[in-house]
Amino acid sequence: MATSAKDLPFREETFRDDFTFKNSPETVLRAPFPFDKDSYMYAVNMELHRDGRPGTAYEAPIDVDEHYVSEMKDRALVLDEDPLRYQSLPHMTLAGWDTLELLMTCKAETYPEWFSLTRDGDNWHWVNRPMGIDQHFVFGDESTLPYAPLEYITRQAQGDFCVLDERDGNLWMDAGMVTTQADWSLDFDIGMNFFEWHAPVPLAHEKGIFKRALKYLLSIQQGNPARRLNWTMTVNPRLDTSPENYHIWGPENTHITPENVADKLFLRIELQSFWRLPRSNALLFPIRCYFLSMRDLSTVPKWATRMHRVLQTLPPEIASYKGLDNYREIAINWLSQFDDGKPTSEGPHPD
Amino acid sequence: MSQPDDSAILSRPRYGTLSPVEANFHVFVADDSGGETILSLAQSLPDDFFNNAEIIYVNTDSENNQSVIDGLEALGCPRLYIGPSIAAALPRLRTSLDRMRMGTQVYLSGSESLLGMATMTAMEAGLDHQALQTEHRGSLARRVQCVHCKGITENVTTQPADCDHCGLLLFVRDHYSRRAAAFQGVNINAEDPSDVPAKEEIYS
């Protein structure tokens, strides 16, 4: 029987220094495994973001899992060190209130035992029990919250959040909370349009991926969110793999050995979703990160086999862009013991 | 639909060729050989054109720019400013743009640093994108923001390059921010600081 995320206690764990992060077996099985076949190439892999099966990361529109409380502690540490990880251009305040409303209502509806929202006109009462927060505030009045609305609510929500303004037929990265990013800088990219902030990505521009993706995103309507998956790999379960701190975590990329690869190397999955916001007409773009160690993957034979084949056949430009060059061969060798050479079943789900 | 050009940097602005248009007032901003653009435009403009204009010229190479300066002085522009660096000229430009009337056209010509910083200043002053023209002349040197310490290093001509502020050796990415008017620099040898790649002059 599928276990719901609600049945698991919140773990006390770290994503830095001693890296005590760990998935329970149930959390491994509910991960949104990103490969639906045995090889990988960029694609506009968008689909509607609808309530999925229980026991998957899609069971709730905004997923909360056993890592929630510890991830929020890590975010607070990042923001203390570098407040530039949260930014919002002046015209984005309304979109911040939209985001706050969306996240509060989603969470209160799907997880009533953890969150509640009571509204009396503009007088709102928000309770976040896992984080011990009980807040009365006036919707639309920034002076009644301890932070701007976008910062306030994204300090209580797993994953990074970009808020994209729509104008001139393009999307503009005009606000965001970005502390768990795979090597891109909100501070540098803020104010850029969709093509500009994707400029460093190899191959995908030539394939017309971003033009098609933009067209899809612009067509997203309120009440019909969409999603896609992206992935990379990370040494240690470090959420904050920012370029800002690359000189600090970069050396770890050379620390993978055949002896430690199973527990020290992680598949880093991004569940990206896209939500049209009602008042501002902006797009909210949450990027939620899930870690699976190579050992976690090996508990699902189909996933270990598929990861092995994807790494073997990955184009070298993509492997380099994702920063896998130091340890790709070591991972392939370790995963080969799980690959029996037989065809895998269709789709991403475990057999 | 046109295909993206492999060699283009998608986050970098496209520069064009200056072409004076009907306007109530004209502001020219140039550095070094960018001044030659103004002189060559002047040849096909009416004699009294510069009565209704302002010229801000940055001269970082006084030995070689004397003929440009002589030419600019001969245009009869009542508001001609000649300064020693982009940073020194920016307060003047900011003031001019803040006091700008509707229907002013701004023309930039010169190094990418000049184009970037003057564009940034014009955007901050609320200038419409359409009221601004740019032409790239002279140095290919880049203005680079260190992603680690956020300091800006001017006149970067090598790959990799040292950060003037924190000292890290930076790989200059083909990724440009209009807001910072700078390319992004990321530590090139973070994985192994003992591996120090040689610098190549590629942006001079």
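The values are calculated or read from the model by the stated rules, or taken from the named source; none is laboratory data. Nothing here was measured: the structure is a model prediction, and the numbers come from that model. Please note: Cβ atoms are built from the backbone with ideal geometry, for glycine as well, and neighbour counts cover all protein chains shown.
The set of residues in region B:169-178 being under 25 Å from A:GLU196 (Cβ atoms) and not charged (D, E, K, R) consists of B:LEU170, B:PHE171, B:VAL172, B:HIS175, B:TYR176, B:SER177.
Go through A:PRO251, A:PRO258, A:PRO286, A:PRO243 for me and flag whichever is outside any helix (DSSP H, G or I) and within 14 Å of chain B (Cβ to nearest Cβ).
On the way: A:PRO251 fails: outside any helix (DSSP H, G or I); A:PRO258 fails: within 14 Å of chain B (Cβ to nearest Cβ); A:PRO286 fails: within 14 Å of chain B (Cβ to nearest Cβ).
Unique residue meeting the criteria: A:PRO243.
Residue count for region B:169-188, restricted to those that are farther than 15 Å from B:GLU154 by Cα, within 9 Å of chain A (Cβ to nearest Cβ) and modelled with pLDDT of 95 or more: 2. Out of (1) surrounded by 14 or more Cβ atoms within 10 Å (Cβ to Cβ); (2) at pLDDT 95 or above, what's the single condition that is false for A:TYR58? Of the numbered conditions (1) surrounded by 14 or more Cβ atoms within 10 Å (Cβ to Cβ); (2) at pLDDT 95 or above, the odd one out for A:TYR58 is (2).
Tell me, which residue of region B:119-141 that is among the hydrophobic types (A, V, I, L, M, F, W, C) and touching a strand residue (DSSP E or B) at 6+ places or on another chain (Cβ under 6 Å) is farthest from B:ASP31 (Cα to Cα)? For region B:119-141, the residue satisfying everything is B:ALA131.
Considering only residues that are facing chain A (nearest Cβ under 10 Å) and part of a strand (DSSP E or B), look in region B:143-168 and name the one that is farthest from the chain's Cα centre (by Cα).
B:CYS146
Residues in region B:138-160 that are of a type in the set (A, V, I, L, M) and surrounded by 22 or more Cβ atoms within 10 Å (Cβ to Cβ): B:VAL144, B:VAL147, B:VAL156. Considering (1) over 23 Å from A:ALA5 (Cβ atoms); (2) more than 11 Å from chain B (Cβ to nearest Cβ), the lone condition that A:GLN158 does not fulfil carries the number (1).
Matching residues to (1) buried (at least 17 other Cβ atoms within 10 Å of the Cβ); (2) touching a Gly at 6+ places or on another chain (Cβ under 6 Å):
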residue	(1), (2)
A:TYR111	yes, no
A:ASN123	no, no
A:HIS136	no, no
A:LEU150	yes, yes
A:GLY169	no, no
A:GLN181	yes, no
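Of the candidates A:LEU100, A:LEU94, A:LEU77, A:LEU84, the single residue that is touching a helix residue (DSSP H, G or I) at 6+ places or on another chain (Cβ under 7 Å) and surrounded by fewer than 17 Cβ atoms within 10 Å (Cβ to Cβ) is A:LEU84.
The strands (runs of 3 or more DSSP E) found entirely in region A:115-215 that carry 3 or more residues being under 19 Å from the mean Cα position of the chain (by Cα) are A:160-167, A:170-177. So, in region B:146-189, exactly how many residues are more than 29 Å from B:GLU36 (Cβ to Cβ) and not charged (D, E, K, R)? Within region B:146-189, residues that are more than 29 Å from B:GLU36 (Cβ to Cβ) and not charged (D, E, K, R) number 21. Of all residues in region A:119-132, those that are closer than 28 Å to A:LYS73 by Cα have Cβ atoms under 7 Å from Cβ atoms of residues that are in a loop (DSSP other than H, G, I, E, B), 6 or more apart or on another chain, in A:TRP124/A:PHE139; A:ASN128/A:GLN156; A:ARG129/A:TRP114; A:PRO130/A:PHE10; A:PRO130/A:TRP114; A:MET131/A:GLN156.
The residue pairs whose first member lies in region A:174-191 and is within 13 Å of chain B (Cβ to nearest Cβ), whose second member is of a type in the set (Val, Ile, Thr), and whose beta carbons are closer than 6 Å, counting only pairs six or more residues apart or on different chains, are A:ASP183/A:THR241; A:SER185/B:VAL147; A:LEU186/A:VAL178. Just one residue in the set A:SER219, A:SER293, A:SER280, A:SER273 is more than 14 Å from every other protein chain (Cβ to nearest Cβ) and loosely packed, with under 15 Cβ neighbours inside 10 Å; that residue is A:SER219. Can we say B:THR17 is surrounded by 12 or more Cβ atoms within 10 Å (Cβ to Cβ), more than 14 Å from every other protein chain (Cβ to nearest Cβ), over 28 Å from A:ILE190 (Cβ atoms) and under 15 Å from the mean Cα position of the chain (by Cα)? So B:THR17 does not fit the description; no.
Take B:THR121 and decide whether it is modelled with pLDDT of 95 or more and either surrounded by 17 or more Cβ atoms within 10 Å (Cβ to Cβ) or outside the structural domain of B:ASP31 (by TED's automatic domain parsing) (or both). Taking the combined requirement at face value, the residue does not satisfy it.
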